[in-house]
Structure formats: C-alpha cells, structure tokens
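Peer 1: Before I ask anything, here is the structure I am working with.
What follows is calculated from the coordinates using simple rules that are stated; it is not laboratory data. As the structure is a computational prediction, the values presented were derived from the model and not from experiment. Because the Cβ atoms are built from the backbone with ideal geometry, glycine has one as well, and the counts that use them run over all protein chains shown.
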C-alpha cells in the first residue's frame, strides 16, 4: 500500500521522478529501453521559438565523476516540437513538462503563447540560465529582479502551471528562489549545471570549442542537495531537485532535503534505464522503512 503520487499546482504525478531537460530529448531515443508511462513526467529538451543550431564542436567532455557540455540548447524550434514531439508523447500515460528557452523575454513568451491551452502539456519549465542578449549576455537567472520580472510575464501569458528552473551560478540561491515565488511561479526546479572548464595541457588548448560548459553528474550532487535544502526552506512552493542523481539513494537525499520531485539527468547517458531503477529503488525504500506516502519524506530534514 505504497503511495508514491505527488501533486504540484493541481497536476498529479504517479511518482516523484522525471528526467532533466536536455538529457532525454522528448523520450523517442529512450522508449526502446524503458516504458515512458512509468515516469511521473517526461521533461523535454529546451524548446525555442525558432530553431537553434547550438554551439560548435567539440561540445561534450568527460570529467571526474561528471561531464561538461556546451550544446548551446540546440533544438528544432516550436513548430517541429508541436508537430512531431507532442503527438509522440501523447501516446504515453505520463505528464509532459515542456522546457522553454529564449534569448529575450519575447522569445520565451512566443513559445508560452504557442502552447497556451494545449492539453497535451501538463506544465512549463522555464530555463532562465539562458543568456539575456539585451543585458549583455548575462543569464536571466542571476539577477533576482530579472527573475521576478520574467516569471511574472510568463505567468500572465501561460495557461499551464509554471516551473522556474534556477541557475546555481549565484551567490545566494534563496534570493532567486524567493524572486521566482514572488513573481507567481507554481514551482521551482534546481539546479541547472555549474559553469566549468577543461584544458588539454598537451595541446595547450580548451577541450570545448565554447571554452566553458555546464558541469553535471555525481560531482555536483552535494552542491545541488545543499541548494535544494536552502531554496526549499526559503519558499512555500514545491521544489523539483536535480543534480547528479544516479540511484534511488541520491534521489532520496533531495526529497529529504525538501524536493517534492526529482529529475534524473546525466546518468541517462551511461544507463538509459536509470530513471526506472530510481523509481523502483524509492518504492523499495518505502517498503523497507514502512513509509506509506512519499510526501511523508518530503522535507523531512527541513
């Protein structure tokens, strides 16, 4: 009699596990390995108003206990996404969270408005780690005032509940978390990748063509758990935690720290069955510890 369901902004999820945007596409490449209907939700790769080519190669590098990527949010744009990806996902019994990216507020809003009223979309996740071209390339998510403003504008334009995905590249995560809540966000998700760099001493050159990239994987998990704990203690809206989850024990760290849901990211590349193993592992933990409802574990240490 285990109840793993969670509810966020009126949306019910059969379990608290989804995938991190950018690590799972829209699930097409993974459905031959796992049943997407087992997931609490599929969170899509970032979708922009127009196609983005992404950054030049090389744009992925292995690091100790992690990886660097500088993909540049390559995606085919909202038209292809609505014609191809959403019909595919509609064939599975799972929620769909669409990750939205943009270089200006208007670019974000263009995607949000296209998805307005689309019942195939359960929630929107807004990637505010994108560079704001009108502010000299500074990330939307590093300035609390900017976080508040873009959250408010998106909430006014959206029909689906809104998750704001926060960058960890800030001094105090509590400030941006609170700004998102004040702007009307229904939930927040964190962390996005940490900015990192790798150099090849033999070649005396940067490994990534972009010089810097986003660090993900087990190496960042202690930082991610700490930030989720701090953010969850600062806001009264649900938190979706992510960053280096590769097993159920990792996921439970986030849940105990305050996360209502968790996202599996880089681990999908090394083992495409990771997300279902995490779901099974959480259920096994609940049985062993006689926990009837997953919500009884959420924020246990807050």
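Peer 1: Would you kindly identify the strands (runs of 3 or more DSSP E) lying entirely within the stretch 1-95 that contain at least 2 residues that are over 20 Å from the mean Cα position of the chain (by Cα) and in contact (Cβ under 8 Å) with a residue 24 or more places away in the chain?
Peer 2: Result: 60-63.
Peer 1: What are the residues in the stretch 48-80 that are in contact with a strand residue (DSSP E or B) (Cβ under 6 Å, 6 or more places away or on another chain) and either exposed (fewer than 14 other Cβ atoms within 10 Å of the Cβ) or under 25 Å from residue 7 (Cα atoms) (or both), if any?
Peer 2: If the condition is that a residue be in contact with a strand residue (DSSP E or B) (Cβ under 6 Å, 6 or more places away or on another chain) and either exposed (fewer than 14 other Cβ atoms within 10 Å of the Cβ) or under 25 Å from residue 7 (Cα atoms) (or both), then no residue fits.
Peer 1: For the stretch 275-302, which residues satisfy the criterion of being in a loop (DSSP other than H, G, I, E, B) and either over 20 Å from residue 243 (Cβ atoms) or in contact with a strand residue (DSSP E or B) (Cβ under 9 Å, 6 or more places away or on another chain) (or both)?
Peer 2: 289, 290, 291, 292, 298, 299
Peer 1: Of the numbered conditions (1) outside any loop (DSSP other than H, G, I, E, B); (2) in contact with a strand residue (DSSP E or B) (Cβ under 8 Å, 6 or more places away or on another chain); (3) surrounded by 22 or more Cβ atoms within 10 Å (Cβ to Cβ), residue 167 satisfies every one except a single condition; which is it?
Peer 2: Just one mismatch for residue 167, condition (1).
Peer 1: Residue 208 versus (1) in a loop (DSSP other than H, G, I, E, B); (2) closer than 22 Å to residue 96 by Cα; (3) in contact (Cβ under 8 Å) with a residue 60 or more places away in the chain: which is the lone unmet condition?
Peer 2: (2)
Peer 1: Still on this structure: Going residue by residue through the stretch 101-117, is there one that turns out to be out of contact with any strand residue (DSSP E or B) (no Cβ under 9 Å at 6 or more places or on another chain), closer than 24 Å to residue 188 by Cα and part of a loop (DSSP other than H, G, I, E, B)?
Peer 2: Yes, that holds for at least one residue.
Peer 1: Give the residue that is surrounded by the most Cβ atoms within 10 Å (Cβ to Cβ), with candidates limited to residues of the stretch 268-284 that are in contact with a helix residue (DSSP H, G or I) (Cβ under 6 Å, 6 or more places away or on another chain) and free of Cβ contacts under 8 Å to residues at least 60 places away in the same chain.
Peer 2: Among those that are in contact with a helix residue (DSSP H, G or I) (Cβ under 6 Å, 6 or more places away or on another chain) and free of Cβ contacts under 8 Å to residues at least 60 places away in the same chain, it is 274.
Peer 1: Scan the stretch 196-218 for residues that are closer than 23 Å to residue 146 by Cβ and surrounded by fewer than 16 Cβ atoms within 10 Å (Cβ to Cβ) and report the count.
Peer 2: Counting residues in the stretch 196-218 that are closer than 23 Å to residue 146 by Cβ and surrounded by fewer than 16 Cβ atoms within 10 Å (Cβ to Cβ) gives 1.
Peer 1: State all residues of the stretch 174-185 that are surrounded by fewer than 23 Cβ atoms within 10 Å (Cβ to Cβ), in a helix (DSSP H, G or I) and touching a helix residue (DSSP H, G or I) at 6+ places or on another chain (Cβ under 6 Å); if no residue qualifies, say none.
Peer 2: Answer for the stretch 174-185, where residues must be surrounded by fewer than 23 Cβ atoms within 10 Å (Cβ to Cβ), in a helix (DSSP H, G or I) and touching a helix residue (DSSP H, G or I) at 6+ places or on another chain (Cβ under 6 Å): 174, 175, 178, 182.
Peer 1: Still on this model: With the checklist (1) assigned to a loop (DSSP other than H, G, I, E, B); (2) touching a helix residue (DSSP H, G or I) at 6+ places or on another chain (Cβ under 8 Å); (3) farther than 23 Å from residue 44 by Cα in hand, flag the one item residue 202 doesn't pass.
Peer 2: Just one mismatch for residue 202, condition (2).
Yes/no per residue for (1) part of a helix (DSSP H, G or I); (2) in contact (Cβ under 8 Å) with a residue 24 or more places away in the chain; (3) surrounded by fewer than 20 Cβ atoms within 10 Å (Cβ to Cβ):
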site: 121; (1), (2), (3): no, yes, no
site: 126; (1), (2), (3): no, yes, no
site: 134; (1), (2), (3): yes, yes, yes
site: 141; (1), (2), (3): yes, yes, no
site: 145; (1), (2), (3): yes, yes, yes
site: 149; (1), (2), (3): yes, yes, yes
site: 152; (1), (2), (3): yes, yes, yes
site: 155; (1), (2), (3): yes, yes, yes
site: 163; (1), (2), (3): no, yes, no
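Peer 1: Is the stretch 57-77 home to any residue that is touching a helix residue (DSSP H, G or I) at 6+ places or on another chain (Cβ under 7 Å) and farther than 26 Å from residue 138 by Cα?
Peer 2: yes
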